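The values are calculated or read from the model by the stated rules, or taken from the named source; none is laboratory data. Being a predicted model, the structure only gives us computed values, none of them experimental. Positions of Cβ are generated from backbone atoms using ideal geometry, with glycine treated the same way; all protein chains shown enter the neighbour counts. Side chains included, ligands, DNA and RNA excluded: accessible areas come from the protein's heavy atoms. Shrake-Rupley method; radii C 1.70, N 1.55, O 1.52, S 1.80 Å.
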Amino acid sequence: MNIRALAAKAVYDVLERGVSLSVALPQQQQALANGKDKALLAEICYGVMRALPQLDNCVSDCLSKPFKGKQRIIYQLLLVGCYQLYFTRIPAHAAISETAEACRQLKFEGMVKVVNGVLRTIQRNETPLSEANDTLKFNTPAWIIKRLQQAYPDDWQAVIEQSHQRPPMWLRNNRRGQTRDAYLAQLQQADISASAGSSPDAILLESPKDVALLPHFFDGAVSVQDGAAQWAATLLAPQDGELVLDACAAPGGKSCHLLEQADINLVAVDFDEARLQRVKDNLQRLQLSAEVIHGDAANIDAWWQGNKFDRILLDAPCSATGVIRRHPDIKWLRKSQDIEELAQLQRQILDHCWQWLQPGGQLLYATCSILPQENAQQIQAFLERTKDATLLPIAQQSPAEIGWQILPGTQGMDGFYYAILQKSAQ
Ligand SMILES: C[S@@+](CC[C@H](N)C(=O)[O-])C[C@H]1O[C@@H](n2cnc3c(N)ncnc32)[C@H](O)[C@@H]1O
């Protein structure tokens with residue numbers, strides 16, 4: 001099947017069936033053998049997600065009536081065609097003929113003329129994509145724009161701008177194998193340009209690379225993990241011999257980092273059984289071990305009869321608004337009302353985990369959100385209702401802030417939030 005047909009299927013899965021692109025895309029990529037083709041398929045799917053409102057507007061303008069039911073996949077195919085015309089260097093005639101061929105392959109022979117006609121019209125008109133309202137101008141749903149305007153009255157446009165950038169690739173040096181400087185030297189020898197990031201194990205690649213090209217990747221020398229996410233293990237700072245809970249652990253990036261950092265007894269828990277397999281795979285590649293449990297972080301009593309924990313990492317389920325640059329489909333899969341529901345869930349998990357923290361212990365609350373309801377406001381409310389909790393300052397935060405809000409693009413990092421909560425000794 002051709003790349004445009006596969007792209008239409010992946011886009012259909014996201015927009016019509018609510019599947020995340022990180023699941024839908026690999027499913028379609030399986031049909032391709034060649035790495036370049038896989039990359040083009042990804043580029044088209046991610047591109048459509050980034051610029052959806054403008055593409056939608058442009059294609060709809062060319063149609064006399066909307067496509068319904070099974071025909072929706074041909075509408076997604078038109079978005080794919082339109083994206084190629086506006087955002088890629090693929091010659092227009094190739095983009096149009098390949099997209100028309102995709103229509104045939106998708107078994108909509110009768111619509112090939114429509115696809116050809118619409119894409120030819122778009123090509124002929126050469127009209128700039130509409131910026132008639134904020135959603136079109138920023139390719140972002142109105143509810144996200146509104147929430148960002150409220151949270152960042154001076155910076156919201158810059159935050160959105162950063163969310164459209166292609167994210168860099170970060171590595172986490174496995175300090176059990178070699179020092180970061182030693183790995184930077186290995187990268188240099190392999191002709192891969194890279195620099196040290198702000199957290200102790202972080203390495204920023206100048207351009208993304210296939211992991212197979214990274215020296216000793218499969219032996220566990222490094223892992224792929226954003227620079228912001230790498231602050232979790234550093235801020236929680238586990239000490240040898242401690243009992244540590246990673247309450248929302250899958251796919252296990254932060255669990256592994258905690259284990260690379262100290263000889264701890266780690267309990268890695270997640271609600272999603274399928275995603276737990278990825279925790280096990282990651283532990284295995286890095287030759288680390290943890291007790292991996294399928295369980296609910298808001299009901300620890302149901303699966304843990306051991307001691308209370310010395311430290312807890314709560315990397316809570318969240319809107320993921322800080323990682324839109326990596327997952328642009330979030331803009332279309334999330335809805336405004338999700339934020340209040342997520343904040344409620346975070347509150348429940350946080351309150352429950354707190355009961356399982358030893359007196360004198362620390363809990364690191366983390367999200368990859370940039371919305372205050374899930375972050376500073378969540379922690380402020382927690383501090384108000386929890387008498388034995390104190391917020392510890394983080395060196396990088398501004399003094400007036402509650403916790404540390406990293407905005408996307410700061411030192412090349414994803415958007416993230418951290419708050420360190422200390423429990424009174426008695
Ligand atoms: C932000 S992700 C965690 C990422 C992970 N810490 C890492 O670094 O690889 C949030 C996780 O929380 C899990 N989750 C959501 N609700 C949960 C609950 N009630 N109990 C345990 N895990 C939960 C989700 O399945 C998801 O894997």
> Given springs between every Cα pair under 10 Å in a Gaussian network model of the chain, which of Gly252, Gly360, Gly409 has the largest fluctuation?
Replying inline: Gly360
> Can you pick out the pairs among Lys65/Lys137; Lys36/Lys209; Lys9/Lys146 whose Cα atoms lie more than 21 Å from each other?
Replying inline: Lys65/Lys137; Lys9/Lys146
> Taking +1 at the Cβ of each Lys and Arg and -1 at the Cβ of each Asp and Glu, which of Gln29, Met111, Ala10 sits farthest along the dipole of the stretch 3-127 towards its positive end, judged by Cα position relative to the Cα centre?
Replying inline: Met111
>> Could you report the accessible area of Val23 in Å², rounded to 10, computed with a 1.4 Å probe on the protein chains as they sit in the structure?
In response: 70 Å²
>> With unit charges on the beta carbons (Lys and Arg positive, Asp and Glu negative) and the dipole taken about the Cα centre of the stretch 214-298, which residue among Gln261, Pro238, Gln277 sits farthest to the positive side?
In response: Gln277
> Roughly how many Å² of His327 are accessible to a 1.4 Å probe, to the nearest 10?
Replying inline: 60 Å²
> Whole-Hz Karplus ³J(HN,Hα) for the stretch 21-28, in order, using 6.51 cos²θ - 1.76 cosθ + 1.60 and θ = phi - 60°, x for Gly and Pro?
Replying inline: 5, 5, 9, 5, 5, x, 4, 7
> If you line up the long axis of helix 112-125 against the longest principal axis of the chain, both from Cα atoms, how many degrees apart are they, to the nearest 10?
Replying inline: 90 degrees
>> Counting only Cα atoms, I'd like the Rg/Rh figure for the stretch 3-127, Kirkwood definition for Rh.
In response: 0.93
> Mind checking which aspartates and glutamates have their C-alpha under 16 Å from Lys113, skipping anything on the same chain fewer than 8 residues away?
Replying inline: Glu98, Glu101
> 222 nm [θ] for the chain, helices only, -39500 (n - 2.57) per DSSP H run of 4+, per residue, to 500?
Replying inline: -13500 deg cm²/dmol
>> Treating only the Cβ of Lys, Arg, Asp and Glu as charged (+1, +1, -1, -1), what charge dipole size does the stretch 150-299 show about its Cα centre? Round to the nearest 20 debye.
In response: 340 debye
> Under a 1.4 angstrom probe, counting protein chains only, how are Asp219, Asp351 ranked by accessible area, largest first?
Replying inline: Asp219, Asp351
> Charges only on Cβ, +1 for Lys and Arg, -1 for Asp and Glu: so what's the dipole of the stretch 268-426 about the Cα centre, in debye to the nearest 20?
Replying inline: 300 debye
> How large is ³J(HN,Hα) for each residue in the stretch 266-275, as worked out from phi by the Karplus curve 6.51 cos²θ - 1.76 cosθ + 1.60 (θ = phi - 60°), to whole Hz, x for Gly and Pro?
Replying inline: 9, 10, 10, 10, 8, 6, 9, 4, 5, 5
> Where the Cα atoms of the chain are projected onto their three principal axes, how long is each span, largest first, in whole Å?
Replying inline: 74, 49, 40
> Among the DSSP beta bridges whose two residues both lie in the chain, what percent are antiparallel, rounded to the nearest 5?
Replying inline: 55 percent
> Once phi is turned into θ = phi - 60°, what whole-Hz ³J(HN,Hα) does the Karplus curve with 6.51, -1.76 and 1.60 give for every residue of the stretch 82-89, x standing for Gly and Pro?
Replying inline: 4, 4, 4, 5, 8, 10, 10, 8
> Rounded to the nearest 20 Debye, what is the dipole magnitude of the chain about its Cα centre when Lys and Arg each give +1 and Asp and Glu each give -1 at the C-beta?
Replying inline: 1480 debye
> Given N residues in the stretch 130-184, what is Rg(Cα) / (2.2 N^0.38 Å)?
Replying inline: 1.82
>> Could you give me D for the stretch 303-345, from Stokes-Einstein at 4 °C and 1.567 mPa s, where the hydrodynamic radius is the Kirkwood radius over C-alpha pairs? Units µm² s⁻¹, please.
In response: 101 µm²/s
> Hey, if you put +1 on the Cβ of every Lys and Arg and -1 on every Asp and Glu Cβ in the stretch 170-224, which of Trp170, Leu187, Ser207 ends up farthest toward the positive end of that dipole?
Replying inline: Trp170
> What list of whole percents do you get for P(r) of the stretch 170-224, with Cα-Cα distances grouped in 10 Å bins up to the one holding the largest distance?
Replying inline: 26, 67, 7
>> Over the Cα atoms of the stretch 291-416, what radius of gyration and what Dmax do you get, in Å?
In response: 15.4, 42
> Over the stretch 205-344, what number does the Rg to Rh ratio reach, with both radii from the alpha-carbon atoms and Rh per Kirkwood?
Replying inline: 0.98
> Non-local amide H neighbours of Leu357 (under 5 Å, H modeled in plane, Pro and chain starts lacking H): which ones?
Replying inline: Phe309
> Sequence-distant or interchain residues sharing an amide H contact under 5 Å with Ile293, placed H: which?
Replying inline: Ala268, Val269, Asp270
> Tell me, how many Å apart are the Cα centres for the stretch 51-115 and for the stretch 2-19?
Replying inline: 12 Å
> Which order do peptides 97-105, 175-183 fall in by mean Cβ count within 10 Å, highest first?
Replying inline: 97-105, 175-183
>> So if I take the centroid of the Cα atoms in the stretch 352-370 and the same for the stretch 226-283, what is the distance between those two points in Å?
In response: 14 Å
